[in-house]
Amino acid sequence: MNNRIITLDEFIIKRQKDFSYATGELTGLLRDIGVAAKIVNREVNRAGLVNILGVDGSENISGDEVKKLDMYANEKLIDCLKNSGECCGIASEENENYISLPNVESKSAKYVVVFDPLDGSSNIDVNVSVGTIFGIYRRLSNEGEEVQVQDFLQKGTELVAAGYVIYGTSTILVYSTGRGVNGFTLDPSIGEFCLSHRDIIIPETGSYYSVNQGYYQKFDLEIRRYIDHCSDENRGLRYIGTMVSDIHRTLFHGGIFLYPNTRKYPDGKLRLLYECNPMAFIVEQAGGKAMTCDLKRILELEPTDLHQRVTIALGSPLILDEMKTFVKRYSTQAIF
Ligand code: AHG
Ligand code: MN
Ligand code: MN
């Protein structure tokens, strides 16, 4: 048996050969994201000490200078992408507008990156896992010029790569360039992400469902009926409240993750660009399905706004087919 460790960098370089057109830019970009993930990981692990140390390690008795971890993660990701020269524009959940990046050493970059720097922010203070989500697109505007909003408003089907990092009991980076999904676990003793989950395939079905059941009364009838069905079938409810973690579990154990519309969030809560598209891309690449709660394929939605929200249901293919049946049967509005 070959037990040789394969690092993320090594793997990315090997895979570059899969793309005849690849010039190494995408490879560089994925590596930059890996570096940013290690920096964010370091701070996430020290989060409990932030009140005494401050995020920069200097003493902070008053706590005034303490930066919020989501803003910190945002800055680190932006810094890493800015300095690399492989990325010409960024859109982040934490920034109202997209950011156009200048050329580095007169290289004109052709990729834009969208990300949610810290997902599950309500869980930071209580030592529960959080994540980072990213997506990479080829720019549509001319190289060498400033990026435009249309570069970011691309359908998920146009993603060149997407992935997430989960800062959990271990820190794991999962990504896909459209040829399957692979996972890398950070070995803290050597500071490297090492290939640990090769060619991830989601189970066809599963016995968990993941939804904020506290909002049950606010969901549409068809979703309530489907949740009742999951409960009738004695399926286990699992809900962490960090999308990355809930979907990571779904990817390995199967089942379904849902965030339907509620009165508070009539279009759903989760963001199409930064959260739903990258996670849908990963799940589809692993053999799963991802759709809105009114049964539109997430990756085919036409984005109209950088911070657009959509409803989402994703997971095991057979479970999603089952949900589809319930939605069609009980929906009060004609879907087809
Ligand atoms: P973020 O921390 O990036 O704002 O995202 C939080 C999201 C997502 O991770 C999670 O699935 C969802 O919010 C939880 O929302 P509820 O608390 O409404 O269930
Ligand atoms: Mn999020
Ligand atoms: Mn966030």
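The values are calculated or read from the model by the stated rules, or taken from the named source; none is laboratory data. In this text, all values refer to a predicted model and were calculated from it rather than measured experimentally. Here the Cβ positions follow ideal geometry from the backbone for every residue, glycine too, while neighbour counts run over all protein chains shown.
Going by the structure shown, is Gly89 at pLDDT below 95 and either out of contact with any Cys (no Cβ under 6 Å at 6 or more places or on another chain) or more than 16 Å from ligand 1 (Cβ to nearest atom) (or both)? Considered against the rule, which asks whether it is at pLDDT below 95 and either out of contact with any Cys (no Cβ under 6 Å at 6 or more places or on another chain) or more than 16 Å from ligand 1 (Cβ to nearest atom) (or both), Gly89 comes out as no. Scanning the stretch 287-299 for residues that are crowded, with 22+ Cβ neighbours inside 10 Å and in contact (Cβ under 8 Å) with a residue 40 or more places away in the chain yields a total of 3.
For the stretch 124-160, filtered to residues that are among the hydroxyl-bearing types (Ser, Thr, Tyr) and in contact (Cβ under 8 Å) with a residue 40 or more places away in the chain, the residue that is nearest to Asp18 (Cα to Cα) is Thr157. The test for being buried (at least 19 other Cβ atoms within 10 Å of the Cβ), among the aliphatic types (A, V, I, L, M) and within 16 Å of ligand 2 (Cβ to nearest atom) does not hold for Ile319. Any residue at all in the stretch 100-113 that is within 14 Å of ligand 1 (Cβ to nearest atom), of a type in the set (S, T, N, Q) and modelled with pLDDT under 95? No: zero hits. Condition check: within 20 Å of Arg271 (Cα to Cα), modelled with pLDDT under 95 and either outside any helix (DSSP H, G or I) or not assigned by TED's automatic domain parsing to the domain that holds Leu273 (or both). Does Asp56 satisfy that? So Asp56 fails the test.
Restricting attention to the stretch 97-132, the residues that are assigned to a strand (DSSP E or B), more than 14 Å from ligand 2 (Cβ to nearest atom) and closer than 22 Å to Met71 by Cβ total 4.
Within the stretch 172-201, residues that are of a type in the set (Asp, Glu) sit with their Cβ atoms under 6 Å from residues that are at pLDDT 95 or above and outside any loop (DSSP other than H, G, I, E, B), at 6+ positions apart or across chains, in these pairs: Asp187/Cys194; Glu192/Thr7.
Test Gly163 against the criterion of being assigned to a strand (DSSP E or B), without any contact (Cβ under 8 Å) to a residue 24 or more places away in the chain, closer than 30 Å to Leu29 by Cβ and assigned by TED's automatic domain parsing to the domain that holds Arg31, and give yes or no. No: the conditions fail for Gly163. All conditions but one from (1) within 16 Å of ligand 3 (Cβ to nearest atom); (2) modelled with pLDDT of 95 or more; (3) not β-branched (Val, Ile, Thr) apply to Leu140; the one that does not is (1).
Residue by residue, here is whether (1) in a helix (DSSP H, G or I); (2) more than 16 Å from ligand 3 (Cβ to nearest atom); (3) closer than 21 Å to Glu275 by Cα; (4) not assigned by TED's automatic domain parsing to the domain that holds Gly120 holds:
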{"residue": "Leu186", "(1), (2), (3), (4)": "no, yes, no, no"}
{"residue": "Phe193", "(1), (2), (3), (4)": "no, yes, no, no"}
{"residue": "Gly214", "(1), (2), (3), (4)": "yes, yes, no, yes"}
{"residue": "Arg224", "(1), (2), (3), (4)": "yes, yes, no, yes"}
{"residue": "Ile227", "(1), (2), (3), (4)": "yes, yes, no, yes"}
{"residue": "Asn234", "(1), (2), (3), (4)": "no, yes, no, yes"}
{"residue": "Ser245", "(1), (2), (3), (4)": "yes, no, yes, yes"}
{"residue": "Arg249", "(1), (2), (3), (4)": "yes, yes, yes, yes"}
{"residue": "Phe252", "(1), (2), (3), (4)": "yes, yes, yes, yes"}
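Here is a yes/no grid of residues against (1) outside the structural domain of Tyr137 (by TED's automatic domain parsing); (2) charged (D, E, K, R); (3) within 13 Å of ligand 1 (Cβ to nearest atom):
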| position | (1), (2), (3) |
| --- | --- |
| Thr242 | yes, no, yes |
| Lys269 | yes, yes, yes |
| Ala280 | yes, no, no |
| Ala286 | yes, no, no |
| Glu302 | yes, yes, no |
